[in-house]
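Novice: The structure under discussion is supplied below as structure tokens; questions concerning it will follow.
The values are calculated or read from the model by the stated rules, or taken from the named source; none is laboratory data. Predicted model only: the values in this text are computed from it and were never measured. Counting neighbours? That spans all protein chains shown, and the Cβs are built from the backbone with ideal geometry, glycine included. SASA here: full protein model, heavy atoms, side chains in, ligands and nucleic acids out. Shrake-Rupley method; radii C 1.70, N 1.55, O 1.52, S 1.80 Å.
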Amino acid sequence: MDDNDPLTPLDPAYRSVMRIVTAVWLAILLVPTIAAEVAIPGWNGVVVIPYLLLAAAILLRLPQRRWQARGYVMVDERLRVVRGMLFHSDTVVPFGRVQHIDVDQGPLERAYDIATLTVHTAGSHNASVHLPGLKHADALAMRDAIRAAIRRDTL
């Protein structure tokens, strides 16, 4: 496995899921913004309008940037997961260290047919590696491929 191996991007539906989650958080933060607007009599729009402009910019750009900053590659009985915009993380998991594998879906992920693959490894540092935003069928196929590699190693 080489750092120059091209990364597989996450499923585009994951951007939509991240946009929905971001929109929910921005809506929650809108409540204190409206309260601040009401607390300042006669200054209509001084707090809410800048917040809405900032929220729109965040909603349009942040999920796209986060999606672009993530990827993975599975080669030579290793899984490499890359993520992060400010704090870049590049994790390589050899299949020989894998203890067990989970494929999880929340209600929003189920609606978009995507899943999160979680690989639990031996050791304490980075003992779990999460790979969200995979097509559900791809996550199941990756889980089965890792299991098959582990079985070959133990025989």
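Novice: Rank VAL81, VAL48, VAL93 by mean-square fluctuation in a GNM of the chain with C-alpha springs under 10 angstrom and give only the top-ranked residue.
Specialist: In the Gaussian network model the winner is VAL48.
Novice: If packing is taken as the mean number of other Cβ atoms within 10 Å per residue, what is the order of 96-107, 34-45, highest first?
Specialist: In descending order of packing, they fall as 96-107, 34-45.
Novice: Moving on. Quick one: among TYR51, TYR112, TYR72, which has the greatest mean-square fluctuation in a GNM of the chain with alpha-carbon springs under 10 angstrom?
Specialist: Evaluated over the chain, the most mobile residue of the options is TYR51.
Novice: Based solely on its DSSP helices, what 222 nm [θ] is calculated for the chain when runs of n ≥ 4 H residues each add -39,500 (n - 2.57) and the sum is averaged over all residues, nearest 500 deg cm²/dmol?
Specialist: -15500 deg cm²/dmol
Novice: Taking only protein heavy atoms into account and a 1.4 Å probe, give the accessible area per residue of the chain in Å².
Specialist: Heavy-atom accessible area per residue stands at 61 Å².
Novice: Summarise the accessible area of the range 71-155 (1.4 Å probe, protein heavy atoms) by the percent that is carbon and sulfur.
Specialist: Taking all protein chains in place, the range 71-155 shows 52 percent carbon and sulfur surface.
Novice: On a 0 to 90 degree scale, rounded to 10, what angle separates helix 48-68 from the longest Cα axis of the chain?
Specialist: 10
Novice: For the chain, find the longest principal axis of its Cα atoms and tell me its angle to the long axis of helix 13-39, 0 to 90°, nearest 10.
Specialist: Relative to the chain, helix 13-39 is tipped by roughly 30 degrees.
Novice: Also, I was wondering about something else. What residue among LEU52, LEU131, LEU79 has the largest mean-square fluctuation in a Gaussian network model of the chain, using Cα springs under 10 Å?
Specialist: Highest fluctuation among the options: LEU52.
Novice: Checking the a/c ratio against 1.5 first, then a/b against b/c, what shape does the Cα gyration tensor give for the range 107-155?
Specialist: oblate
Novice: With the full set of protein chains in place, find how many percent of the accessible area of the range 1-62 is carbon and sulfur; take the probe as 1.4 Å.
Specialist: 74
Novice: Take every Cα pair under 8 Å in the range 71-154 that's 6+ residues apart, average their separations, divide by the length, and report that relative contact order as a whole percent.
Specialist: That works out to 23 percent.
Novice: By the gyration tensor of its Cα atoms, with a ≥ b ≥ c the square roots of the eigenvalues, what is the shape of the range 71-154: rounded for a/c under 1.5, prolate for a/b over b/c, or oblate?
Specialist: It comes out oblate by the Cα gyration axes.
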